[in-house]
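Everything on this sheet refers to the single structure shown next.
The values are calculated or read from the model by the stated rules, or taken from the named source; none is laboratory data. As the structure is a prediction and not an experimental result, all values here were calculated from the model. FYI the Cβ positions are ideal-geometry reconstructions off the backbone, even for glycines, and counts take in every protein chain you see. Ligands, DNA and RNA are excluded from the accessible area calculation, which covers all protein heavy atoms including side chains. Shrake-Rupley method; radii C 1.70, N 1.55, O 1.52, S 1.80 Å.
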Amino acid sequence: QVQLVESGGGLVQAGGSLRLSCAASGIIFSLNSMGWYRQAPGKQREFVATITGRGSTNYADSVKGRFTISRDNAKNTVYQQMNSLKPEDTAVYSCRGMIGDYWGQGTQVTVSS
C-alpha cells in the first residue's frame, strides 16, 4: 500500500553527476518530510539530506554544496541532484518518508576514480 521507489543510480566517474528520484504512493506526500540516506559497504547508514513538506532543507556536512534535495508535490516525487561526485559517495541511497518511517528499496551509486 505504501511504496517508495528510487531510481537514477548508476556508475559514474569522479566529478560526474547523477540525479536520484523517489516516487511515493500511499502516503499524504505534501505533508510528509522526506529524506535521503546512504549506506556504504561495511558501514552504517548515514543521513544525507532532508526536505520538509514546504521545502526547507538540511544537508550532511559531507555533501553540502554538492547535493541538492528537492520535491515536486504534484508528482509525489522527491529528487536529489548530486554533483562533483567523489569515490567516497559510493553507497546504496535510500528514500525515507518521515511520517510512518517508510523506506524505499534503495538505488546503487558507484563513483570510480
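Any idea which of Val5, Val48 is open to solvent by less than 50 Å² (accessible area, probe 1.4 Å), hydrophobic (A, V, I, L, M, F, W, C) and either under 19 Å from Gly104 (Cβ atoms) or touching a residue at least 60 places away in the same chain (Cβ under 8 Å) (or both)?
It is Val48.
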Do any strands (runs of 3 or more DSSP E) entirely within the stretch 6-113 hold 2 or more residues that are β-branched (Val, Ile, Thr) and at pLDDT 95 or above, and if so, which?
46-51, 67-72, 77-82, 107-112
Conditions: (1) loosely packed, with under 15 Cβ neighbours inside 10 Å; (2) within 13 Å of Cys22 (Cβ to Cβ). Tyr93 meets all but one. Number of the miss?
(1)
For the stretch 58-73, which positions are under 18 Å from Arg19 (Cβ atoms) and loosely packed, with under 14 Cβ neighbours inside 10 Å?
Lys64, Gly65, Asp72
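A quick yes/no check of all residues on (1) touching a residue at least 12 places away in the same chain (Cβ under 8 Å); (2) over 19 Å from Val5 (Cα atoms):
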residue	(1), (2)
Tyr37	yes, no
Tyr59	no, yes
Lys86	yes, yes
Asp101	no, no
Going through the stretch 74-90 one residue at a time, which ones are open to solvent by 30 Å² or more (accessible area, probe 1.4 Å) and over 17 Å from Gln44 (Cβ atoms)?
Ala74, Lys75, Asn76, Tyr79, Gln81, Asn83, Ser84, Lys86, Pro87
